[in-house]
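Colleague: Let me give you the structure first, and then I'll get to my questions.
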Amino acid sequence: MTLNFSVLASGSSGNAFYIGTEKEKILVDAGLSGKEMERLFHEASVNPEEITKILVTHEHSDHIKGLGIFARKYKLPIYANEKTWKAMDHAIGKIGLDQKFIFNMEEIKTFGDIDVESFGVSHDAAEPMFYTFHHNGKKVALVTDLGYVSERIKKTVEDADALVFESNHDVSMLRMGRYPWSVKRRILGDSGHVSNDDCAIALTDIIGNKTKRIYLAHLSKDNNMKELARMSVENYLNERGYAIGTELEIHDTDPKVPTPLYEVV
Ligand SMILES: [Zn+2]
Ligand SMILES: [Zn+2]
């Protein structure tokens, strides 16, 4: 049995990630309206009725907007750490106790035939954490909201077969742009978001022999462009001898269009 995933949506307007096998089908975050979530699943050719659980990364609205609605409709268990539960409880409507589960930071849980490991990141939420997914010796890592890529995070996600990684902004676009300085400082800071350049630098430590695909994620609508993000990362990696386009593929993500289901082989 193989592991498949799709970045259903990614960006500051909403995030959702699907990963699953025949047996276990997991949604991470539901940051778009209930209706939009339905559309994304449909476009990705995943039946939302087959989803088995939802994991939450943190309580920002671009990650939980449709969480309550979606979980109620499909009667799904939701997993998050205690601080995240506390921080998002008021924002997601009524969720039955039988649907609330704790997933601690730095814990490994086995869901069906997928092992999921959580790890903390520095980002301005209560206790933000992301996940790696393991199945049959394959590893997929998801990290999209972090101000700073620590050695510990690099170790956790290193040599993943496929990686969804934040490439949030172009530093000069952000600096020159119309955001107030307080917002710029937040984004540039250690608990904000990762720039295209910092993404590229981090990737040189993360990419291993097994790494075949990287998805650049959580691009800022105002301070980045797909082409710019991809060129920044590809140029940096090309200069350092990575075989982009042959052994290693760099893919875009979109705030409204799911990436085609990818089978991790
Ligand atoms: Zn966030
Ligand atoms: Zn976010």
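Coordinate-derived values only; no laboratory data. Note that the structure is a prediction, hence the values are computed from the model and not measured. With ideal geometry, Cβ positions are generated from the backbone for all residues, glycine too; neighbour counts draw on all protein chains shown.
Colleague: Between Ser122 and Arg240, what FRET efficiency comes out of the Förster formula 1/(1 + (r/R0)^6) with R0 = 22 Å and r the beta carbon distance, rounded to 0.05?
Modeller: Working: r = 26 Å, r/R0 = 1.17.
According to the calculation, E is roughly 0.30.
Colleague: As an exercise, identify the GluC sites (Glu not before Pro) in region 88-129 lying in DSSP coil whose Cβ has no more than 14 other Cβ atoms within 10 Å. Before the final figure, lay out the partial values.
Modeller: Working: sites: Glu106, Glu107, Glu117; in loops: Glu106, Glu107.
Passing both the DSSP loop test and the Cβ count: Glu106, Glu107.
Colleague: Taking N as the number of residues in region 135-194, what is its Cα Rg relative to 2.2 N^0.38 Å? Walk me through the numbers on the way to the answer.
Modeller: Details: Rg = 14.4 Å, N = 60, 2.2 N^0.38 = 10.4 Å.
Expressed relative to 2.2 N^0.38 Å, the Cα Rg reads 1.39.
Colleague: What distance in nm lies between label points placed 7 Å from Cα along the C-beta direction at Asp115 and Ala91?
Modeller: Between Asp115 and Ala91, the simple spin-label model gives 3.2 nm.
Colleague: Could you please state, rounded to a whole Å, how far the C-alpha centre of region 110-170 is from the C-alpha centre of region 212-244?
Modeller: The distance from the Cα centre of region 110-170 to that of region 212-244 comes to 18 Å.
Colleague: Considering Cα pairs under 8 angstrom that are at least six residues apart, work out the relative contact order of region 1-86 and quote it in whole percent. It would help to have the intermediate numbers written out before the result.
Modeller: On the way: 158 pairs, mean separation 23.0, N = 86.
Relative contact order here is 27 percent.
Colleague: Can you tell me how much longer the chain between Arg185 and Ser61 gets when fully stretched, taken as 0.36 nm per residue apart minus their C-alpha distance, in nm with one decimal?
Modeller: 42.6 nm is the gain from fully extending Arg185 to Ser61.
Colleague: At R0 = 41 Å, how high is the FRET efficiency between Glu38 and Met176 if r is their beta carbon distance? Nearest 0.05 is fine. Write down the numbers at each step before the final one.
Modeller: Working: r = 38 Å, r/R0 = 0.94.
The computed FRET efficiency comes out at 0.60.
Colleague: Which one, Ile64, Thr259, Asn136, is farthest towards the positive end of the dipole of region 3-264 when Lys and Arg carry +1 and Asp and Glu -1 on their Cβ?
Modeller: Ile64
Colleague: For an R0 of 22 angstrom, estimate the FRET efficiency from the Cβ-Cβ distance between Ser13 and Asp205 and round to the nearest 0.05. Intermediate values should be presented prior to the final figure.
Modeller: Working: r = 30 Å, r/R0 = 1.35.
With a Förster radius of 22 Å, E is 0.15.
Colleague: Continuing with the same structure: Starting from the Cα-Cα distance between Glu227 and Leu261, subtract it from 0.36 nm times their residue separation and give me the gain in nm to one decimal. Present the calculation step by step, with values, prior to reporting the outcome.
Modeller: Numbers: separation 34, 0.36 × 34 = 12.24 nm, distance 2.17 nm.
This chain segment gains 10.1 nm when fully extended.
Colleague: Another question, then. Note down, for region 1-156, the three equivalent ellipsoid semi-axes (square root of 5 times each alpha carbon gyration tensor eigenvalue), biggest first, whole angstrom. Don't skip to the answer; put the middle values down first.
Modeller: Values: eigenvalues 84, 75, 45 Å².
Values for region 1-156, descending: 21, 19, 15 Å.
Colleague: Once the principal axes of the Cα atoms of region 1-66 are found, what is the range along each, listed largest first in whole angstroms?
Modeller: 34, 21, 18
Colleague: How large are Rg and Dmax for the chain when calculated on the C-alpha trace, in angstrom?
Modeller: My reading of the Cα-based Rg and Dmax gives 17.2, 53 Å.
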